[in-house]
1. Can you tell me which condition R20 does not meet? The list is (1) open to solvent by 100 Å² or more (accessible area, probe 1.4 Å); (2) at pLDDT 75 or above; (3) under 23 Å from A62 (Cα atoms), and all the others hold.
2. For the stretch 25-35, name all the residues that are touching a residue at least 40 places away in the same chain (Cβ under 8 Å) and open to solvent by less than 60 Å² (accessible area, probe 1.4 Å).
3. Hey, any hits in the stretch 36-59 for a residue that's among the β-branched types (V, I, T), open to solvent by less than 60 Å² (accessible area, probe 1.4 Å) and in a helix (DSSP H, G or I)?
4. When you check E45 against the structure, is it of a type outside the set (S, T, Y), under 19 Å from L63 (Cβ atoms) and at pLDDT below 75, yes or no?
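The values are calculated or read from the model by the stated rules, or taken from the named source; none is laboratory data. On a predicted model such as this, the values are computed, not experimentally measured, just so you know. Glycine gets a Cβ as well: all are built from the backbone with ideal geometry, and neighbour counts include every protein chain shown. For accessibility, only protein heavy atoms count, side chains too; no ligands or nucleic acids. Shrake-Rupley method; radii C 1.70, N 1.55, O 1.52, S 1.80 Å.
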Amino acid sequence: KEVMDMDIKFKPSQPHWYERYVQPCVAELLGCTFFIFIGCLSVVEDAEGAGRLQPALAHGLALGLTIAVLGDI
């Protein structure tokens, strides 16, 4: 019987230890550092009349950017 290419099933390879353990930890560290750094800078550089809106927007944008960049890891 002929074996067709579609009949061959490959086992999914296990991810490398770096992709499984180190890369998520580095992504978490970078994401948290970026989020806290932007949040602290938004409070320090408080513009007059912005009130609570400036830190809230800065945190929201930092979180959105972090998820967009590091979300697939």
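1. (3)
2. A27
3. Taking every residue of the stretch 36-59 in turn, at least one turns out to be among the β-branched types (V, I, T), open to solvent by less than 60 Å² (accessible area, probe 1.4 Å) and in a helix (DSSP H, G or I).
4. The answer is yes for E45.
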